[in-house]
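Step one of this worksheet: look at the structure below.
The values are calculated or read from the model by the stated rules, or taken from the named source; none is laboratory data. Being a predicted model, the structure only gives us computed values, none of them experimental. Backbone-built Cβ (ideal geometry, glycine too); neighbour counts: all protein chains shown. Surface accessibility is based on the protein's heavy atoms, side chains included, excluding ligands, DNA and RNA. Shrake-Rupley method; radii C 1.70, N 1.55, O 1.52, S 1.80 Å.
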Amino acid sequence: MTLKTQPRRALPRWSATPTDGGQVVYVMDTVGTFTLGFDHASYPRADDEERLHVAYGEWDGQGICSRERALPCAPVVNTITLTGGSFFDPAEALAFLAEEAPTWAGWLRPARTIDRWAVDVPDRTRARVALLVARITQEFLERDDYGELLRAHRARHAPDRAAAHRANLVQVGREIDEWIRRRDHEQQLLRNQQLLIDGDDAGAADLEAPPWRDHRTAATRDGADFLIATCRARKAG
């Protein structure tokens, strides 16, 4: 998205208040509130610092900050009330801020609601919101308590993440047990074939097929491929 370059308006004054959960609440004069924090949705695929999350309004981190969610004290930019929140790359925010005349604000997708549906704000409003978010991002990253905020963020999410790991371990244990059984079954099938090769088919064992398993629930792609190749396509009965 290319924007016509516009002279930058002066930035509003703001106050910044850290929270116990590792966020910082920025209250901007004549605009509204932004709640800035670390990525809470990508763990463990990505580190919490790789992306930041900005909520357009006051948000305590509870529930899902969907794009259409209306938050208290939401910012109003160019007469448009922002909703929900956005994930973004802080490096792109700082690069945007360093430009004298920014021409691309596609790194951020602020939204508003129309007929209860979340839609992107117009380009000029996006550019203005991007400037405000980029500036508080710079302040956030340079804060003396940045390390404390990160620790607080991780501590806040640790119980839910630990519970997810416990659930994953249960699933992994079931997967391991099942694959051991399937390995044993394959070894017996191999033995039967080897007996045929050796001309001793009388010693071949009658084997019951393993229970049906939906290949889509396999833990790995290789596992899914194996199930497709060795199991019935559909559940019997």
Point to revise | Single residue of the stretch 135-157 satisfying the filter (over 22 Å from ALA70 (Cα atoms) and among the hydrophobic types (A, V, I, L, M, F, W, C)) that is surrounded by the fewest Cβ atoms within 10 Å (Cβ to Cβ) | key: ALA155
Review point. Quick check: anything in the stretch 71-82 open to solvent by 60 Å² or more (accessible area, probe 1.4 Å), out of contact with any helix residue (DSSP H, G or I) (no Cβ under 7 Å at 6 or more places or on another chain), closer than 24 Å to GLY106 by Cβ and not β-branched (Val, Ile, Thr)?
Key: no
Exercise for review: Consider ARG143 carefully, then state whether it is charged (D, E, K, R) and closer than 30 Å to ASN168 by Cβ.
Suggested key: no
Check your understanding: So which of ASP47, ASP29, ASP39 ends up being open to solvent by less than 10 Å² (accessible area, probe 1.4 Å) and either over 23 Å from the mean Cα position of the chain (by Cα) or among the acidic types (Asp, Glu) (or both)?
Key -> ASP39
Practice item. May I ask you to list pairs of residues, at least six apart or on different chains, whose Cβ atoms are under 9 Å apart, with the first in the stretch 126-155 being without any contact (Cβ under 8 Å) to a residue 24 or more places away in the chain and the second being surrounded by 15 or more Cβ atoms within 10 Å (Cβ to Cβ) and of a type in the set (Phe, Trp, Tyr)? Key: TYR146/PHE140
Study note, to complete from the structure: In the set GLU100, GLU49, the lone residue that is assigned to a loop (DSSP other than H, G, I, E, B) and touching a helix residue (DSSP H, G or I) at 6+ places or on another chain (Cβ under 8 Å) is GLU49
Check your understanding: Within the stretch 46-67, is there a residue that is farther than 29 Å from ARG156 by Cα and modelled with pLDDT of 95 or more?
Key -> no
Exercise for review: Could you please find all residues in the stretch 161-207 being closer than 22 Å to ILE228 by Cα, among the aliphatic types (A, V, I, L, M) and either open to solvent by 80 Å² or more (accessible area, probe 1.4 Å) or in contact (Cβ under 8 Å) with a residue 60 or more places away in the chain (or both)?
Suggested key: ILE176, LEU190
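Anything in the stretch 103-119 that is assigned to a strand (DSSP E or B) and farther than 23 Å from THR30 by Cβ? List them, or say none.
ILE114, TRP117, ALA118, VAL119
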Study note, to complete from the structure: Checked pairs for the stretch 39-55, first touching a residue at least 40 places away in the same chain (Cβ under 8 Å), second outside any strand (DSSP E or B) and open to solvent by 10 Å² or more (accessible area, probe 1.4 Å), C-beta under 6 Å and 6 or more apart or across chains, list as ASP39/ARG51; LEU52/PRO90
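SER15: in a strand (DSSP E or B), in contact with a His (Cβ under 9 Å, 6 or more places away or on another chain) and either of a type in the set (D, E, K, R) or open to solvent by less than 70 Å² (accessible area, probe 1.4 Å) (or both), yes or no?
It is false that SER15 is in a strand (DSSP E or B), in contact with a His (Cβ under 9 Å, 6 or more places away or on another chain) and either of a type in the set (D, E, K, R) or open to solvent by less than 70 Å² (accessible area, probe 1.4 Å) (or both).
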Practice item. Among the numbered conditions (1) among the hydroxyl-bearing types (Ser, Thr, Tyr); (2) surrounded by fewer than 19 Cβ atoms within 10 Å (Cβ to Cβ); (3) under 17 Å from GLN138 (Cβ atoms), tell me where SER86 comes up short. Key: (2)
